[in-house]
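Chemist: My structure is below; once you've seen it, I'll send some questions.
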Amino acid sequence: GIGYFYGQGLVLPDTSMEGSEQKMDPALFPPVPLFSGVPSRSFFPRGFLWDEGFHQLVVQRWDPHLTREALGHWLGLLNADGWIGREQILGDEARARVPPEFLVQRAAHANPPTLLLPVVHMLEGHDPDDLAFLRKAFPRLHAWFSWLHQSQAGPVPLSYRWRGRDLALPTLLNPKTLPSGLDDYPRASHPSTAERHLDLRCWVALGARVLSQLAEQLGETEAAAELGPLAASLEEPGSLDELHWAPELGVFADFGNHTKAVQLKSRPPQGLVRVVGRPPPRLQYVDALGYVSLFPLLLQLLDPSSPRLGPLLDVLADSRHLWSPFGLRSLSASSLFYKQRNTEHDPPYWRGAVWLNINYLALGALHHYGHVEGPHKVQAAKLYHELRANVVRNVRQQYQATGFLWEQYSDQDGRGMGCRPFQGWTSLVLLIMAEEY
């Protein structure tokens, strides 16, 4: 569904730039309007930045004008620094539907810049109305990307780190990373400023590429001169390898202060508590094979002849890891975190379930690599057709059985799980059926 919202959001200002540790109270931002898709009208009736880019991929095929309106509203939410809150909880009525711990948006926290995905479609379509919109929107798109690139910078050049990971509390198996959009996907066991997050680096690389192309097309020479070299640096294979290729794992990975010797154990009367054994945490690549490992493939950042493409396709196709009859599971079935609870009251979310938005990105990548010359063309094309059939068949069967599109699907029997109805990014099944990527 699509809704129109108006009201004030609660925001905790970002004091990190000031070097201040002082406690600040959330502030009500000035009232703003938002015309946006929503993941679920009944359960999530508000705007989510990470979701909206996927929503608009569907909407713009139907009515490009609606997408321009929605993107314009989202870009109208920028603050002076170029930040957009990841959840838009506008007004008392909206706040009444949201658990207290999620009410306040933090101006230091980012979200995947998926609004760039419909921008890519606009660039490729050469519709005069789209290009006129992009010309007006460019300053805000540039400011938003610049904020992301600068505020989420990592410990070494060309690395990036999601701000806003949960603290390593005694009850948490693995501190969550809500700003990434992947919530409880396993990251380094002990959060630190030394972390390097693979998916975020890939999102920034995509952003630099898209904004550079847009600046060139619009004749924004100053911005193009800034963005072009950044895009080239981020897409340089040696740099990505140096920061994120884990030879011991055979895939790309996060890096951080990590140990696999972490588990939840029953400790009456506290209940389940986190126990850290041996070996103790040390700086290393994070052994958590899953969606994050695929991001250089998902966002098509690898050259068709890249020696890293084959190993990623092999992992994707392996039923011991990500392949299931219902789509790609979010975390390897061989992972220690597979289907593990994060707390006593927090069931697994991105730890094995099949999600349509990532499967859509995977299918788009397989379609691309299956149509360009390279040593993996045949394998990519074969996987594309098999994965597409699996995903569409299962969503159709679950819709026929229950009458709903679901938030996620079981990798074990395909049943719909989580929130329903979920006419958010699960609607991407329409573009998969139409082979529109």
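The values are calculated or read from the model by the stated rules, or taken from the named source; none is laboratory data. Source: prediction; values computed, not measured. All Cβ positions, glycine included, derive from the backbone under ideal geometry; neighbour counts span all protein chains shown. We work out accessible area using only protein heavy atoms, side chains counted, and drop any ligands, DNA or RNA first. Shrake-Rupley method; radii C 1.70, N 1.55, O 1.52, S 1.80 Å.
Chemist: Consider all pairwise Cα distances in the stretch 257-344 and report the whole-number % of them above 21 Å. Walk me through the numbers before you get to the answer.
Modeler: Details: 1787 of 3828 pairs.
Looking at the stretch 257-344, the distances longer than 21 Å represent 47 percent of pairs.
Chemist: From the C-alpha gyration tensor of the stretch 146-285, pull out the three semi-axes of the equivalent ellipsoid (sqrt of 5λ each), sorted largest to smallest, in whole Å. It would help to have the intermediate numbers written out before the result.
Modeler: Details: eigenvalues 259, 51, 20 Å².
Rounded to whole Å, the semi-axes are 36, 16, 10.
Chemist: Which number gives the lysine pairs in the chain that have C-alpha atoms under 18 Å apart and are eight or more places apart or on different chains?
Modeler: Values: 176/260; 176/339; 260/339; 265/339.
Eligible lysine pairs with Cα atoms under 18 Å apart amount to 4.
Chemist: Moving on. Evaluated at 25 °C with a viscosity of 0.890 mPa s, what Stokes-Einstein diffusion coefficient in µm²/s does the stretch 57-212 have when Rh comes from the Kirkwood expression over alpha-carbon pairs? Write down the numbers at each step before the final one.
Modeler: Working: Rh = 17.1 Å.
The estimated diffusion coefficient comes to 143 µm²/s.
Chemist: Now for a separate question. Distance in nm between label sites at residue 266 and residue 24, each 7 Å beyond Cα in the beta-carbon direction?
Modeler: Here the modelled spin labels are 4.6 nm apart.
Chemist: Next question. Eigenvalues of the Cα gyration tensor times 5, then square-rooted: what semi-axes does that give for the stretch 244-301, in whole angstrom, largest first?
Modeler: After scaling each eigenvalue by five and taking roots: 30, 14, 7 Å.
Chemist: Cα-Cα pairs above 19 Å in the stretch 317-437: how many percent? It would help to have the intermediate numbers written out before the result.
Modeler: Numbers: 3404 of 7260 pairs.
Within the stretch 317-437, distances greater than 19 Å cover 47 percent of Cα pairs.
Chemist: On the accessible surface of the chain, probed at 1.4 Å, how many percent belong to carbon and sulfur atoms? Walk me through the numbers on the way to the answer.
Modeler: Details: 10020 of 18480 Å².
The nonpolar share, carbon plus sulfur, comes to 54 percent.
Chemist: Pick out which of 120, 378, 315 has the largest mean-square fluctuation in a Gaussian network model of the chain, springs linking Cα atoms closer than 10 Å.
Modeler: Of 120, 378, 315, the most mobile in the Gaussian network model is 378.
Chemist: Report the full-extension gain for the segment residue 401 to residue 15: residue separation times 0.36 nm, less the Cα-Cα distance, to one decimal in nm. It would help to have the intermediate numbers written out before the result.
Modeler: Working: separation 386, 0.36 × 386 = 138.96 nm, distance 5.04 nm.
Additional length available on full extension: 133.9 nm.
Chemist: Could I ask something else about it? Just the number, please: percent antiparallel of the DSSP beta bridges in the chain, rounded to the nearest 5.
Modeler: Working: 31 of 34 bridges.
Roughly 90 percent of the beta bridges in the chain run antiparallel, per DSSP.
Chemist: Stick to the Cα atoms of the stretch 74-121, pair each with every other, and give me the Kirkwood hydrodynamic radius in Å at one decimal.
Modeler: For the stretch 74-121, the Kirkwood estimate is 12.4 Å.
Chemist: Moving to a separate point now. With viscosity set to 0.890 mPa s and temperature to 25 °C, compute the Stokes-Einstein D of the stretch 303-371, Rh being the Kirkwood radius across alpha carbon pairs; µm²/s, no decimals. Before the final figure, lay out the partial values.
Modeler: Values: Rh = 13.2 Å.
So the translational diffusion coefficient is about 186 µm²/s.
Chemist: When the convex hull of the C-alpha atoms of the stretch 60-142 is computed, what volume per residue in Å³ does it have? Intermediate values should be presented prior to the final figure.
Modeler: On the way: hull volume 9.8 nm³, N = 83.
Expressed per residue, the convex hull around the Cα atoms of the stretch 60-142 is 118 Å³.
Chemist: In terms of solvent-accessible area of protein heavy atoms at a 1.4 angstrom probe, what is the ranking of 209, 267, 278, 196, highest value first? Provide the component values of the computation, followed by the final result.
Modeler: Working: 209 60, 267 100, 278 200, 196 30 Å².
Highest to lowest solvent-accessible surface, that is 278, 267, 209, 196.
Chemist: Of all alpha-carbon pairs in the chain, indicate the percentage at a distance above 28 angstrom.
Modeler: Within the chain, distances greater than 28 Å cover 49 percent of Cα pairs.
Chemist: Restrict the search to the stretch 339-423; then list the chymotrypsin sites (Phe, Trp or Tyr not before Pro) that DSSP places in a loop and that have at most 12 other Cβ atoms within 10 Å of their Cβ. Working shown, then result.
Modeler: Values: sites: 349, 350, 355, 360, 369, 384, 399, 404, 406, 409, 422; in loops: 349, 350, 355, 404, 406, 422.
In loop regions of the stretch 339-423 (DSSP not H, G, I, E or B), there are no sparsely surrounded chymotrypsin sites (Phe, Trp or Tyr not before Pro).
Chemist: Let me ask something else. What accessible area, in Å² to the nearest ten, does a 1.4 Å probe give for residue 411?
Modeler: 10 Å²
Chemist: Follow-up question, since we're still on this one. Cβ under 14 Å from residue 226's Cβ, residue 226 left aside: what net charge do those residues give with Lys, Arg +1 and Asp, Glu -1? Working shown, then result.
Modeler: Working: positive: 209; negative: 216, 220, 222.
Neighbourhood net charge equals -2.
Chemist: Can I ask one more? Taking the Cα-to-Cβ direction at residue 81 and at residue 221 and moving 7 Å from each Cα, how far apart do the two end points lie in nm?
Modeler: So the two model labels end up 3.4 nm from each other.
Chemist: With all protein chains present and a 1.4 Å probe, how do 93, 216, 87 order by accessible area, largest first? Walk me through the intermediate numbers first.
Modeler: Working: 93 160, 216 125, 87 10 Å².
Largest accessible area first, the residues go 93, 216, 87.
Chemist: Go through 220, 226 and list them by solvent-accessible area, largest first, probe radius 1.4 Å.
Modeler: Details: 220 70, 226 90 Å².
Of 220, 226, the descending order of accessible area is 226, 220.
Chemist: Can you give me the Cα centroid spacing of the stretch 196-247 and the stretch 138-160 in angstrom?
Modeler: The stretch 196-247 and the stretch 138-160 have Cα centres spaced 10 Å from each other.
Chemist: Express the C-alpha Rg of the stretch 1-137 as a ratio against the empirical globular expectation 2.2 N^0.38 Å, rounded to two decimals. Write out the running numbers ahead of the final one.
Modeler: Details: Rg = 15.7 Å, N = 137, 2.2 N^0.38 = 14.3 Å.
That works out to 1.10 for the stretch 1-137.
Chemist: Calculate how large, on average over all directions, the projected area of the Cα convex hull of the stretch 151-218 is; give the answer in nm² to one decimal. Numbers along the way, then the final one.
Modeler: Details: hull surface 20.3 nm².
Mean orientational projected area (the stretch 151-218, Cα hull): 5.1 nm².
Chemist: With only alpha-carbon atoms in the gyration tensor, what are the semi-axes of the equivalent ellipsoid for the stretch 338-400, in Å, largest first?
Modeler: Values: eigenvalues 175, 51, 13 Å².
That gives 30, 16, 8 Å for the three semi-axes.
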